[in-house]
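Data first, discussion second: the structure below is written as structure tokens.
Derivation of every value follows stated rules applied to the coordinates shown; laboratory data play no part. Because the structure is a prediction, the values reported are computed rather than measured. Here the Cβ is made from the backbone with ideal geometry for all residues, glycine too, and neighbour counts use every protein chain on show.
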Amino acid sequence: MKSLRIHFLATVVLLGLPLVFSGCGSSENSQTEKTELAEKTENSGETNQTDKAENQKEGEEPEGIDLGKEEPVDQFPFLLKPNPIDDFTWEVSGNLVTIIKCKASGRVVLPKAIAGFPVGRIGSLVSDSNTLPRQFKEGNAIPDGVTALVIPDSLKSIGDGAFYGCKSLTRIKIPDEVTSVGKYAFYDCENLKKVTYGIKLTSIGDGAFHGCSQLTEPTLPDSLTYIGKKAFERCSSFTGITIPIAVNSIANSAFNGCPRLASISVSEKNPTFSSEEGVLLNKAKQMVLRCPQGKNGAYEVPASVTHVGDAAFHGCVELTSVTMQEGTIAIGNHAFRECSALENISIPQSVNAIGSFAFASCLKLTSARIPTGVPSIGSFAFLGCKSLNSVDIDDKVTSIGKGAFHGCASLTSLLLPGKLTSIGNNAFHDCSRLTGLTLPGKLTTIGKEGFRGCSGLTSLSIPDSVTTIADHAFAECAGLTQVRLSNIVTSIGSFAFSGCKQLKELNIPEKVTSFGQGAFASCESLERVTIPAGLNHAISTSHTSSQGKILSPFFGCSGLRSVTIKVSSVSTNYTDWINSESLKTTGITEIIFSEGVSIIGDATFSDCKSLTSLTFPKSLTYIGNRAFQDCARLTKLSFPVKLTTIGKEAFRECSGLTNLNLPDSVTTISDHAFRGCRGLIEVKPGKAVTTIGSFAFSGCSQLKKLAIPETVTTLGPGAFASCESLEEVTIPPRLNHAISTSPTSSEGASLSQFFECSALTTVTIMVPAVNPGFTDWIDQDLLKTNAVTTIILALGVTDVADSSFRNKSSLLSIEFPESAKRIGNLSFQNCTGLKDINLEKGIASIADNAFEGCDQLAAINVPEGNGLYSSKDGLLFNSSGETLIKCPEGKAAEITLSEKVKVIGANAFRRCKVLKRVNLSDGMTIIGSHAFSECAGLKSITIPDSVTSIGDHAFSACNELTEVTIPKMVTTIGTFAFSGCPKLKQVTIGEGVTGISTAAFSECKNLTIVKVLGRGIGESTDVFKNTPATIYFMPGAQGWAPVWNDRFVRPISDKP
């Protein structure tokens, strides 16, 4: 089987077939095959070695050679036995073996061939432009631990990262057949001291010997053409190097970080490069390519030089001065970067281009002059020049690149050229001592972080040509107190003025459409700010920018006191950031709405407890629900005349308000609109209000005056509930519903509009037809409305319906209008506080019991000219004065009626409890029903002989009456006429009486003598019920039986 495999292999090789083998030692079968395939190669190798050292036994070191030293390993490789192939992972490609990984350590000898194929490459990694430096570690074929490596002459190339990090390697001989050393091949081989290069080497890749800090100056072969980027970077032991004849490409970073490298020499025959004073130039000496970083002191650039190339002096930390000659026209990128000792540099007037990072980190550079021909200062040109205190920029410069003066902390003043149009990102970032700055009128662009950290700036005026304030543009300008923005600015970027702790004044133009996150964050001295009309996004309320959140533009604006809003329709999108503890915006006291604002939306300023002042524009028409709820420090409001809507709870709990004047354009005061405004004293609703909503003024505990307009048709439940200081109220004429008397709103009940209006003393009623639906709420203990003393019936009231003010004992006065026509039954019954009633000429109907129970009423007055009523001495008569309609129940103890009075009307003296005596004049004919009923103090009365009729209950319940004589003209005594007169002892009934009605003398418990002067009278029911009377008739009177009306009848002679 073995012979067959070898025969097959030989056949393949002879035929030249492109067969690829790979090996890794991990598979037992495949490894066995590789071992067998390699036996011929190994045997061949051993035979060759035996020829050269016949007496050497296997595994024995040659006599006289100390392998503990470095020299013999690469000087006598033929004396050493190759490591077994199991020590390597390998593959065959293109008839060459690539060593992928060495698994051995210490001294390693690579075999010349494996499986019959020569070893041609170390390392299999093939990188591209996207491969990162750290990824080259994956190409490591010779790992750390290998101290010496013998490479066969068959090797053609060393791959990318092949020896990456092999810190144990001290020396290496690269065979002559090797043409290239790959990228980062010997990266960080920090103990590598010597490399011997083969004579065919043409290319040293990027970073090939990066960090080989002990490597001494190399002797590069004449075959070399290419030295890559950072090829010898950080080879800190280099002091000098010679560029061979064929090199035509040297990266400017090839020798970066070589601080001892003082000279770069070039073969005189090199057609591409030359050197002078150890500085690398192009062949024509027109361009400085690389000054070695170990060069010190002063350096004068040759007169022939027109260009200082990219990174030409980069990192030359020992140079103190560089002189360039007139004729130099360009300074390349990074040209003098990190020349940290450079104090002086003369930039010729001939220079027309200064590249990026040209003088970056020149820490001791104090001044610079930008020549006339330079139109643009390159990006980061003077980055980190901490000692730079003055810069003279020619007036022709039109742009300053990004980061151009970033970190120039000593720069104190700067005159920007008039033609400047662009300042790049970070251009003056951290120029902390820059104090005076005038931005030219043609400037259009200020880049991101353009002046960030310029803490010495105190004021800025942004020219009108600038439309965008970029992100962080003026962030952390801690000394900035005033900024005037261009009128055409449309965008203020993220963190644009963040950290400007002293900034007090900043005008935000009307054309601004966007605020970036944190735009004014931590501007803790900013006092005023404007929300522009064109702002097209919500203002963030987040106090952080982490987890994808957008930091509020006003975070940390703790000194903010006034906000002007120009957005036409104000919503919480624009206001939620106000009065936020997490944003530290709780100090805002004033909101100014500019002309053009028409709508203030729902909850826009809810709970803004710091607000003390609002300025509304004439254009405002709508204030939404809860718009200013809980703005407890608001003290004054002036509403515009166009305002039509005040939403529900709009000013609820605004306890600092004291007065309100609502415009005539407002037709509805919504539910809870001013509820809980405990400091409100007076409210003047507009003339067009039709609805005052539920609880609209509930809890306004200091409210004293409220004029309810005549236009109001609806008062919502609890509209004025708990207005415990309200003194006056008006019931409007168009009110189309009853006023609730419920003391609760639970279980579907409607709380009374005036619940707990405990200080209410005066009620003006304008409803034309007054009825209990509008008045029952007055003087209710459960409603706490029993302080009402005055009722004013306004002009237009025509009717006071039955029982309208019944039982209103708190009332002390009633004012009647000329329009009043009727006062209904029991209208003022038991109004015990009333003392006088003054009626007007127009009164046409007064119910005889209208003032029943008004026991303090002493006068009812009617002016002259009334066609139906008149009054005299507080007594109410008909217009002729012949009929007494009403004697007030509180009238004095004795009354004498004039002869003119003919009729005492029904209820005329009813319940006149203080009345003790009434003198009736001759000529009186009628005593009406209840005329003296319940005159509890009436002791005596003389009924004139002219009286013909005594009505029902005429003297019932006259508790003090002792004796009565019924005159002869009376024919009938009405029912219950004298019922319930407990002290009545004797009654004389005139001879004209023909009928005594039911119960006329019932319940007269002390009535014992009834003298009847006439003939027998027909019986009636219960005339003397519960009365112990005896009837005495006159001699000769006819018609008497022994018993009459259940009482004994006796002749007068039997009278005791």
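Odds and ends about this structure:
- FRET efficiency estimate (nearest 0.05) - Cβ-Cβ, residue 225 to residue 103, R0 51 angstrom: 0.90
- About the centre of its Cα atoms, the chain shows a dipole size close to 1980 debye [charges on the beta carbon of Lys, Arg (+1) and Asp, Glu (-1) only; nearest 20 debye].
- Per-residue Cβ neighbour rank within 10 angstrom, fewest leading, 683, 1043: 1043, 683
- Residues of region 310-335 with amide N under 19 Å of a point placed 7 Å along Cα→Cβ from residue 300: 319-329
- Evaluated at q = 0.09, 0.14, 0.19 Å⁻¹, the base-10 log of the normalised Debye intensity for region 321-451, with identical point scatterers placed on the Cα atoms, takes the values -0.21, -0.52, -1.01.
- Simple spin-label estimate for residue 684 and residue 818 in nanometres, 7 Å along Cα-Cβ: 2.7 nm
- Packing around the peptides 816-828, 732-744, taken as the average count of other Cβ atoms within 10 Å per residue, puts them in this order, highest first: 816-828, 732-744.
- Two-site label geometry, residue 641 and residue 321: point separation in nm, points 7 Å out along Cα→Cβ: 8.2 nm
- Cut-off 16 Å, label 7 Å out along Cα→Cβ of residue 1052, residues of region 999-1015 by amide N: 1009-1015
- In this structure, the pairs whose alpha-carbon distance is over 30 Å, taken from 891/983; 230/448; 705/886; 841/902, are 230/448; 705/886.
- Set of aspartates and glutamates near residue 584 by C-alpha distance (under 19 Å), chain-local residues within fewer than 8 positions excluded: 476, 505, 524, 527, 576, 607, 630
- FRET efficiency, 1/(1 + (r/R0)^6) with R0 35 Å, evaluated for residue 939 and residue 761 via beta carbons: 0.35
- Cross-link pairs 396/419; 985/1005; 511/549 - those with Cα-Cα distance over 18 Å: 511/549
- Translational D in µm²/s for region 242-376 (Stokes-Einstein at 20 °C, 1.002 mPa s, Kirkwood Rh from C-alpha pairs): 146 µm²/s
- Simple spin-label estimate for residue 621 and residue 510 in nanometres, 7 Å along Cα-Cβ: 2.0 nm
- Overall form of region 940-999 per C-alpha gyration tensor (a/c, 1.5; a/b vs b/c): oblate
- Of the residues 460, 80, the one with the fewest other Cβ atoms within 10 Å heads the list, and the complete ranking is 80, 460.
- Value of [θ]222 nm, deg cm²/dmol, for the chain, DSSP H segments ≥ 4, -39500 (n - 2.57) each, nearest 500: -1500 deg cm²/dmol
- Cα centroid of region 510-542 to Cα centroid of region 247-273, whole Å: 56 Å
- Annotation: aspartates and glutamates with alpha-carbon distance below 13 angstrom to residue 442 (same-chain offsets under eight excluded): 395, 464.
- With R₀ fixed at 25 Å, the C-beta to C-beta distance from residue 415 to residue 444 puts the FRET efficiency at about 0.85.
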